[in-house]
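Chemist: Quick one: the structure is below, and I'll ask about it shortly.
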Amino acid sequence: MQTDSRCIWKIKLQVRVYMSKTRLKPMVEWSHINWRKLERPVYKLEKQIYQTSVRGNVKAVRRLQKTLMKSWSARCLEVRRVTQDNQGKKTADVDGLKSLTPKQRLILVGNLKLSPKVAPSRRVWIPKPGTERSDH
């Protein structure tokens, strides 16, 4: 009878170890993402932002917008929109990359940090007739 209880204890202990290993690396594959499931909460949040702005509660609108920008679902949808659905998806970017693999898209979602402060990514002087470039 004691050996049975020890076996059960060992089995429980092994299950705990396996569970902790899976929690360390939650990996999602790009092709297995359920896009409808991601679109629903993002749409609800956008709808809530609109309704709050109609009411005139600016503080709540800013808070909801910040929540939307930090949302993993929203970031996934935006990366998908730019890299797959967009008409210019095969156009080279500033860094020269044309198209991304699914693994690169997931890395991009993880690295994408949206902040309220926006900085230009690249400035290019476009010469126009009758004007001189002045960098004084």
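The values are calculated or read from the model by the stated rules, or taken from the named source; none is laboratory data. Please read these numbers as outputs of a predicted model, since none were measured by experiment. We place every Cβ from the backbone using ideal geometry, glycine too, and count neighbours over all the protein chains shown. Calculation scope for accessible area: heavy atoms of the full protein, side chains included, ligands and nucleic acids excluded. Shrake-Rupley method; radii C 1.70, N 1.55, O 1.52, S 1.80 Å.
Chemist: Would you please put 106-112, 56-62 in order of how densely packed they are, using the mean number of other Cβ atoms within 10 angstrom per residue and starting with the highest?
Modeler: 106-112, 56-62
Chemist: So which of Lys37/Lys117; Lys47/Lys70; Lys44/Lys66; Lys59/Lys117; Lys59/Lys113; Lys66/Lys117 end up more than 20 Å apart, counting from Cα to Cα?
Modeler: Lys37/Lys117; Lys59/Lys113
Chemist: Ignoring ligands and nucleic acids, what accessible area does Ser53 show with a 1.4 Å probe (Å², nearest 10)?
Modeler: It works out to around 60 Å².
Chemist: If you don't mind, there's one more thing I want to ask. Where the only charges are on Cβ atoms (+1 Lys, Arg; -1 Asp, Glu), what is the dipole of the stretch 27-136 about its Cα centre, to the nearest 20 debye?
Modeler: Roughly 480 debye, rounded to the nearest 20.
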